[in-house]
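Q: Structure incoming, see below.
The values are calculated or read from the model by the stated rules, or taken from the named source; none is laboratory data. In this text, all values refer to a predicted model and were calculated from it rather than measured experimentally. Cβ atoms come from the backbone with ideal geometry, glycine included; neighbour counts cover every protein chain shown. Note: accessible area is taken over every heavy atom of the protein model, side chains too, but ligands, DNA and RNA are not part of it. Shrake-Rupley method; radii C 1.70, N 1.55, O 1.52, S 1.80 Å.
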Amino acid sequence: MLMKLLLIEDDTNLAKVITSGLEENGYVVNWESNGKLGAEMALAYTFDVIILDIMLPELDGFAVCHKIRSNGNQTPIIMLTARYQEADRVRGLNCGADDYLVKPFSFPELLARLRALLRRANNQHSPSIKLRKLTLNTVDRRAFYDGREIELTAKEYGILEYLVLNKNCIITKNMIEEHIWESESDIFPNVIEVLISRIRKKLDNNNKNSLIKTVKGLGYIIEDK
């Protein structure tokens, strides 16, 4: 299952950098630049983590955080801000934030903190899905097959996880496209076939007993047997 994040940040350039980096790592990102609208989106939809700036128009980050928590929403929140004073950090944590990252920050640190929050939210250190010889770590997005780690791109991992979560069901190309690419429109012809072929080669060298089966004219399936 792809992790969905809400980014509430009014710095357009920074938001684009964060969004691009997160999407490259396999996350789905919704961005809102306005505090009031960001709070409404947080309460209207389900997200795995909220990345929240403090200096926002209409409602600042503290007010947004308070509104989210006062409505019973316990989605993990990490605050991003140029405010470095201890009092601001304490205030942010007291109003319900789970973590606090001061600008400027390195993207690898943001990624590490997000993964830590996701592990905490799942209440375990290494949540995994197992199916036959395959094991998927859903937080670190790592795949292991027959005891060896498989190096997958973000899209390859997303497709494999989607098939595993829907084991024994035929998944069409349209279903994969809608789940993995969502609103993206620049999908090249046959890209799903290419990615499936790459996954098969990495798993079991595309042999006739491949974990991923093609159902002619319909789509793909992974069977739990």
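Q: Take W181, W31 and sort them by solvent-accessible surface of the protein heavy atoms, 1.4 Å probe, largest at the top. Don't skip to the answer; put the middle values down first.
A: Details: W181 20, W31 100 Å².
Output order, biggest surface exposure first: W31, W181.
Q: Turning to a different aspect of this structure: Over the range 1-49, what is the relative contact order in percent, taking alpha-carbon pairs closer than 8 angstrom and at least six residues apart?
A: Worked out over the range 1-49, it gives 52 percent.
Q: Using the heavy atoms of the protein chains and a 1.4 angstrom probe, tell me the accessible area per residue for the chain in square angstrom. If you can, show how the numbers build up before the last one.
A: Working: 11870 Å² over 225 residues.
Normalised by residue count, the accessible surface of the chain is 53 Å².
Q: Quote the accessible area belonging to F188 in square angstrom, nearest 10, computed with a 1.4 Å probe and with ligands, DNA and RNA left uncounted.
A: 150
Q: Let me ask something else. How much of the accessible area of the chain, in percent, comes from carbon and sulfur atoms when a 1.4 Å probe is used?
A: The value for the chain is 48 percent carbon and sulfur by accessible area.
Q: Still on this structure, please answer the following. Note down the accessible area of R198, probe 1.4 Å, to the nearest 10 Å².
A: 120
Q: Compute the helix-to-body angle for 107-121: its Cα long axis versus the longest principal axis of the chain, expressed 0 to 90° and rounded to tens.
A: The angle comes out at about 80 degrees.
Q: Taking a ≥ b ≥ c as the square roots of the Cα gyration tensor eigenvalues, with a/c under 1.5 meaning rounded and otherwise prolate when a/b beats b/c, else oblate, which class fits the range 135-178?
A: Taking the square roots of the gyration eigenvalues as a ≥ b ≥ c, the range 135-178 is prolate.
Q: Any idea what the relative contact order of the range 1-109 is, in percent, if you count C-alpha pairs under 8 Å spaced at least 6 apart? Walk me through the intermediate numbers first.
A: On the way: 187 pairs, mean separation 26.0, N = 109.
24 percent.
Q: If T46, T75 are ordered by their accessible area, calculated over protein heavy atoms with a 1.4 Å probe, which sequence runs from highest to lowest? Could you put the intermediate results ahead of the total?
A: Working: T46 125, T75 20 Å².
My answer, sorted largest first, is T46, T75.
Q: Turning to a different aspect of this structure: On a full-extension model of 0.36 nm per residue, what is the gain between N73 and E24, subtracting their alpha-carbon distance, rounded to one decimal in nm?
A: Here the segment from N73 to E24 would lengthen by 14.9 nm.
Q: At 1.4 Å probe size, what's the solvent-accessible area of S128? Round to the nearest 10 Å².
A: 60
Q: Mind scanning K36/K167; K133/K216; K133/K155; K4/K201; K133/K173; K130/K173 and naming the pairs with a C-alpha gap bigger than 32 Å?
A: Too far apart for the 32 Å limit: K36/K167.
Q: With 5 Å bins from zero, work out the P(r) of the chain over every alpha carbon pair and list the percent per bin.
A: Result, from short to long distances: 1, 6, 14, 17, 16, 13, 11, 9, 7, 4, 2, 0, 0 percent.
Q: For every helix of n ≥ 4 consecutive DSSP H residues, a contribution of -39,500 (n - 2.57) applies; sum these over the chain, divide by its total residues, and give [θ] at 222 nm rounded to the nearest 500 deg cm²/dmol. Display every interim value, and only then the final one.
A: Numbers: 8 runs with 91 residues, N = 225.
Calculated from helices alone, the mean residue ellipticity at 222 nm is -12500 deg cm²/dmol.
Q: Between F107 and N13, what is the spin-label point distance in nm, taking each point 7 Å from the Cα along the Cα→C-beta axis?
A: 1.6
Q: What length, rounded to one decimal in nm, is gained on full extension from K4 through to R142, with 0.36 nm per residue of separation minus their alpha-carbon distance?
A: Full extension of this stretch gives 47.9 nm more.
Q: While we're here: Pairs of Cα atoms under 8 Å, at least six residues apart: use those to get the relative contact order of the range 22-68, whole percent. Can you show the working numbers first?
A: On the way: 36 pairs, mean separation 18.7, N = 47.
Result for the range 22-68 is 40 percent.
Q: Further, regarding this structure: Which of the three applies to the range 1-91, rounded, prolate or oblate, going by the alpha-carbon gyration tensor with a ≥ b ≥ c and a/c under 1.5 meaning rounded?
A: Since a/c reaches 1.5 but b/c is at least a/b, the shape of the range 1-91 is classed as oblate.
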